[in-house]
Amino acid sequence: MLQKLLIVGFLVLIVYNLGAGLYYMLVDKGGSRRMVNSLTWRIGLSVVLIVLVVLGIWTGIIQPHGVQP
């Protein structure tokens, strides 16, 4: 259950940073680096999430399964 909460938490942070980047793009009109920083955080969080999922599968903590017909 903790793994699912961690993944959902990362996804929420990623979507938040994506929305913040959109907001800063519309409000700042290129006047600051807030949009770039927000999107950089989003990319970093996405990479960390992918690495954690791969490590979880590799160590056996996460059990991947196929879709049942």
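The values are calculated or read from the model by the stated rules, or taken from the named source; none is laboratory data. Keep in mind the model is a prediction, meaning the values are calculated, not measured. Cβ placement follows ideal geometry from the backbone for every residue including glycine, while neighbour counts extend to all protein chains displayed.
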- Message: Give me the residue from the stretch 41-68 that is surrounded by fewer than 12 Cβ atoms within 10 Å (Cβ to Cβ) and small (Gly, Ala, Ser) and, out of that set, modelled with the lowest pLDDT.
- Response: Gly66
- Query: Checking Val54 against (1) in contact with a helix residue (DSSP H, G or I) (Cβ under 6 Å, 6 or more places away or on another chain); (2) assigned to a helix (DSSP H, G or I), which test does it fail?
  - Reply: (1)
- In the set Gly56, Gly30, which member is of a type outside the set (Phe, Trp, Tyr) and more than 18 Å from the chain's Cα centre (by Cα)? Gly30
